[in-house]
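Here is the structure we will look at.
The values are calculated or read from the model by the stated rules, or taken from the named source; none is laboratory data. Remember, predicted model here, so these are calculated numbers, not experimental data. Note that each Cβ is placed from the backbone with ideal geometry, even for glycine, and that neighbours are counted across all protein chains shown.
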Amino acid sequence: MMQCMKVSKINNTYQCSECLKNFATKKYLAQHMKLHAQEKPFLCSECLKDFSCKSSLIRHMRIHSQEKSYRCSECLKNFSCKSHLIRHMRIHSQEKPYQCLECLKDFSRKSHLMRHMRIHSQEKPYQCSECLKNFSCKSYLIQHMSVHSQEKPFQCSECLKNFSCKSYLIQHIRVHSQDKPYQCSECLKNFSCKSNLIKHIKVHNQGKTYQCSECLKNFLCKSGLIQHMRVHTQEKPYQCSECLKGFSQKGNLIRHMRVHTQ
């Protein structure tokens, strides 16, 4: 059960009574307090990892059983739980349903939004025990810790190469699997990682912008202009096969389809 925590307002900031960290707004404090209050009573019997709710434990257990019953209709990749499939589908649809209330930047994952919000709050709750350097998210801390230990715990099962963090391993594995989930909307070329796609897109965009003939708004890529033009034309090329409702963007159709599948 969540412990009630006293809010102390000091120098126009909100202070956490557990660790005495200060925050600019009550909202950021409330968000931070969840780190202290989160109980995890559900334990995995295989690896002893604990979870705050039973559904998370059940989902996690599929990692051990290798059960992957959810398949992407676009690329036929399989996933152990529905939420991972939905998150993966956003690569194809370019859907970004999570928006930062401070700067209105959009994100495809809630965890990415939470990590981004720390830029505004300046919160860095993860501290290195070796050099006391602070980080805004746990993955940055884990990655940083390998500098001290030189540890590379993530190993590729194909070539046995080791990596200091999981993201590097995932990126490397695509060399073997030929998985290239990031596609250029201009020339349809595929890439194994997002950074290579972003770098490639600059080739198309050099000294070139696409202008809307209706409102004269400029776009860096042709696909952005095409998507924007539908605001003026009211074109809705993506139709739901269940109820025949039309949508201007593929991502909106995919999100709508969940109403029927729930």
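Data table
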| quantity | calculated |
| --- | --- |
| Residue tally, condition without any contact (Cβ under 8 Å) to a residue 12 or more places away in the chain and closer than 23 Å to Ser195 by Cα, over the stretch 150-177 | 5 |
| Test: Leu141 is outside the structural domain of Cys16 (by TED's automatic domain parsing) and assigned to a loop (DSSP other than H, G, I, E, B) | no |
| Residue match in the stretch 87-106 (condition: assigned to a helix (DSSP H, G or I), closer than 30 Å to Ser121 by Cβ, in contact with a Leu (Cβ under 9 Å, 6 or more places away or on another chain) and not assigned by TED's automatic domain parsing to the domain that holds Ser223) | yes |
| Criterion: at pLDDT 80 or above and either closer than 19 Å to His92 by Cβ or part of a loop (DSSP other than H, G, I, E, B) (or both) - qualifying residue of His200, His172 | His200 |
| Residue satisfying all of: in the stretch 89-143; among the β-branched types (Val, Ile, Thr) and over 30 Å from Leu188 (Cβ atoms); surrounded by the most Cβ atoms within 10 Å (Cβ to Cβ) among these | Ile142 |
| Enumeration of residues in the stretch 158-188 that are surrounded by fewer than 14 Cβ atoms within 10 Å (Cβ to Cβ) and farther than 26 Å from Tyr140 by Cβ | Glu158, Cys159, Leu160, His176, Ser177, Gln178, Cys187, Leu188 |
